[in-house]
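Data block below; observations after.
The values are calculated or read from the model by the stated rules, or taken from the named source; none is laboratory data. Values in this document were obtained by computation on a predicted structure and should not be read as measured data. A quick note on method: Cβ atoms are made from the backbone with ideal geometry, for glycine too, and the neighbour counts reach across all protein chains shown.
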Amino acid sequence: MSRRMEHIRNFSIIAHVDHGKSTLADRLMEFTGAVEEREKKDQLLDTLDIERERGITIKLQAVRLNYKAKDGQEYTLHLIDTPGHVDFGYEVSRSLTACEGALLLIDATQGIEAQTIATFWQALEQDLEIIPVINKIDLPSADVERIKEQIADVLGLDPDEAILASGKAGIGIQDILEAIVNKIPPPEGEEDKPLKALIFDSYYDPYRGAVAFVRIFDGEVKKGTKIKLMSTGKEFEVTEVGAQTPQMTQLDSLRAGDVGYIAAAIKDVRDIRIGDTITDAKNPTDQPVPGFRPAKPMVYAGLYPTGSTLFEDLRDALEKYSINDAAITYEMESSPALGLGFRCGFLGLLHMEIVQERLEREYDIELITTAPNVIYKVITKKGEELEVRNPSQMPDPSQIDKILEPYIEANIITPNDYVGAIMQLVQDKRGIQRSFEYIDKKTVLLRYDIPMAEVLFDFHDKLKTATRGYASFDYEFKDYRPGYLVKMDIKINGEIVDALSFIVHRDKAYRVGRNIVDKMREVIPRQLFEVRIQAVIGSKVVASARVAPLRKDVLAKCYGGDITRKKKLLEKQKKGKKRMKQLGKVELPQEAFLSILKAE
Ligand SMILES: Nc1nc2c(ncn2[C@@H]2O[C@H](COP(=O)(O)OP(=O)(O)OP(=O)(O)O)[C@@H](O)[C@H]2O)c(=O)[nH]1
């Protein structure tokens, strides 16, 4: 190891949502002079507006800090940010691979929560040096002793090693920096070996093209280096390397142990795959960083243009949008009911919401989204295995041997008073309890296997309601298991609307069918004729309802006189129509497509 590398430390901050990660990161930058107080913007690490609004970190980034330690030495610290949501779990694991250590932040008023444990395990798997930090000790309700017990009992770490801190009040900041320098080992690797760089994040920059955030394990990269992306074999010439300080700052080179960015006039962000290894095209490494896997969508939904948006507008918007989001997949799909649109794959529901919101806001697109669904695997009687991403494409039951559905492994942490309510809720979601463990006198860690389809929509909300917001929840994909599943179709005035078909467990089919038609009756506006809604399995009607026809024309109320009033009324009607889709004669609002999700 070179002397230079002895003075580098690479670390992340891991925490449950809202335990104060961004605030602490800002404080560390401020303390080390990376940002002046006056130029400090609200939470610098979260760049996109939408993230700021939602208070969630989506894109990983890496900031270089210079710290003069008490031992008199100058250190280069790389703070690697990790996304705070379960949809981005793979990205979290990749950014941890780029580090040698992690600060495990625990809110002193909340204690250990589900995501604390999930990220702790991820950090352990990567063999990171973990420094526990008890945060928000400035709050009167901080209970440091309780947190210390949890650190010992649940995480098996030495509670005396925990640093007491407050990102907000600026307490313990220097202690944290000293611990980073003294406890986290410097990076290993060799500058003389062929280039080996792990991509842990990417983004699209209008000037630089697609930019890769990397950790260099071996070798060196600089402007002019011909690089190769190992998963695809594609080659590019580097135009710029640098680090965020936190501004994008150009450097002469990045060498073993460093963290920074590489730009190489790459037009498509999909060429920069998170987890992939970059090497020198002329002198390649023989061993990529292990653990690469392509981003895999877990949830699919149909996106269809509506209102004044045309199919071409949506296609253009998706093309532009996906330049900046390598995780989204989309392919054209044609629905007899909705016309031309796209079947899009997302990492999870949050990812889907973000995409939808950004398409609407940044590209001025009006959309109808069909209910999201998981990917089913179908084993046919002939023994073939099919992947079904759109329920309406489920093969005929006579050809199906088995349908398999994805399961997640969920961790729920809750005060013991709510255990009964949670068990009830999870049972209703077809969950299977795996373990039950007290993590302190009043707090329980429950582990379940639950079909992913059951937690897709409102599980988190229901859990929060059932526990008055006290329980926390985290999950990861586990495996595929056979389920007693059937396809349910919805008929509107006798016609099946393919975009409303979905897969349901046989035991719940009647209840769900009933609830859906009732829900749809509420949301479908009255029209000039009767609208009949039926839920059917094959040819069997499970439930039905009707929306009575409108009697009066809306304008009839105006007695033909007042023009402005008439205009206003028409205006109002137009607005109400915004997210409607015409199906033959019937108009369906967006809510009707999502009724399925609320029909449990
Ligand atoms: N009293 C007090 N409040 C804090 C402290 N640190 C953060 N907060 C507050 O806690 C809330 C969450 O802080 P963030 O820094 O946004 O938390 P985060 O963990 O980055 O949240 P995500 O990015 O959503 O994961 C904010 O309202 C902060 O002002 C602290 O040390 N003391």
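Worth pointing out:
- Test result for GLY538, modelled with pLDDT of 75 or more and small (Gly, Ala, Ser): yes
- Residue in the range 104-119 that is out of contact with any Asp or Glu (no Cβ under 8 Å at 6 or more places or on another chain), free of Cβ contacts under 8 Å to residues at least 12 places away in the same chain and over 19 Å from ARG9 (Cα atoms) present: no
Table: residues versus (1) among the charged types (D, E, K, R); (2) buried (at least 20 other Cβ atoms within 10 Å of the Cβ); (3) closer than 28 Å to ASP364 by Cβ.
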| position | (1), (2), (3) |
| --- | --- |
| THR277 | no, yes, no |
| ASP286 | yes, no, no |
| GLY291 | no, no, no |
| LYS296 | yes, no, no |
| ALA301 | no, yes, yes |
| PRO305 | no, yes, yes |
| SER308 | no, no, yes |
| PHE311 | no, no, yes |
| ALA317 | no, yes, yes |
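- Checking each residue of the range 361-371 against the condition of being in a loop (DSSP other than H, G, I, E, B) and touching a Gly at 6+ places or on another chain (Cβ under 6 Å) gives at least one match.
- Test: LEU164 is surrounded by fewer than 21 Cβ atoms within 10 Å (Cβ to Cβ) and within 16 Å of the ligand (Cβ to nearest atom): yes
- Under the condition of being of a type in the set (Ser, Thr, Tyr), farther than 12 Å from LEU195 by Cβ and in a strand (DSSP E or B), the residues counted in the range 230-286 number 2.
- Looking across the range 248-267, the residues that are out of contact with any His (no Cβ under 6 Å at 6 or more places or on another chain), surrounded by 21 or more Cβ atoms within 10 Å (Cβ to Cβ) and of a type outside the set (D, E, K, R) come down to LEU254, ALA256, GLY257, GLY260, TYR261, ILE262, ALA263, ALA264, ILE266.
- Members of the range 135-149 found to be away from the ligand (no atom under 14 Å from the Cβ) and touching a Lys or Arg at 6+ places or on another chain (Cβ under 8 Å), listed by number: none
- Of all residues making up the range 391-422, the number that are surrounded by fewer than 17 Cβ atoms within 10 Å (Cβ to Cβ) and of a type in the set (A, V, I, L, M, F, W, C): 1
- Tally, over the range 167-183, of residues that are of a type outside the set (D, E, K, R), surrounded by fewer than 20 Cβ atoms within 10 Å (Cβ to Cβ) and within 14 Å of the ligand (Cβ to nearest atom): 4
- Every condition in (1) under 21 Å from GLU405 (Cβ atoms); (2) part of a loop (DSSP other than H, G, I, E, B); (3) of a type outside the set (Asp, Glu) is met by PHE477 except one, and the failing one is (2).
- Inspection of the range 362-369 identifies at least one residue that is closer than 26 Å to LYS464 by Cα and of a type outside the set (Phe, Trp, Tyr).
- Selection from the range 202-254 of residues that are within 13 Å of THR277 (Cα to Cα), more than 25 Å from the chain's Cα centre (by Cα) and among the aromatic types (Phe, Trp, Tyr): PHE217
- Unmet requirement for CYS99, which otherwise passes all of (1) surrounded by fewer than 24 Cβ atoms within 10 Å (Cβ to Cβ); (2) modelled with pLDDT of 90 or more: (1)
- Top-ranked residue in the range 372-398 [being among the acidic types (Asp, Glu) and not in a loop (DSSP other than H, G, I, E, B); ranked as farthest from MET520 (Cα to Cα)]: GLU385
- Out of LEU77, LEU60, LEU28, sole residue that is modelled with pLDDT of 95 or more and either outside any loop (DSSP other than H, G, I, E, B) or more than 9 Å from the ligand (Cβ to nearest atom) (or both): LEU77
- Criterion violated by ARG94 - all others in (1) within 25 Å of LEU124 (Cβ to Cβ); (2) among the basic types (Lys, Arg); (3) modelled with pLDDT under 90; (4) within 15 Å of the ligand (Cβ to nearest atom) satisfied: (4)
- Any chance GLY209 is on the phi > 0 side of the Ramachandran plot and at pLDDT 95 or above: no
- Within the range 446-497, considering residues that are closer than 26 Å to PHE120 by Cα and more than 23 Å from the chain's Cα centre (by Cα), the one surrounded by the fewest Cβ atoms within 10 Å (Cβ to Cβ): ARG468
- Close pairs from the range 366-377: first under 18 Å from ILE403 (Cβ atoms), partner basic (Lys, Arg), Cβ under 6 Å, at least 6 apart: ILE375/ARG389
- The listed residue being away from the ligand (no atom under 13 Å from the Cβ), at pLDDT below 95 and either surrounded by 22 or more Cβ atoms within 10 Å (Cβ to Cβ) or within 17 Å of GLY172 (Cα to Cα) (or both), out of PHE120, PHE88: PHE120
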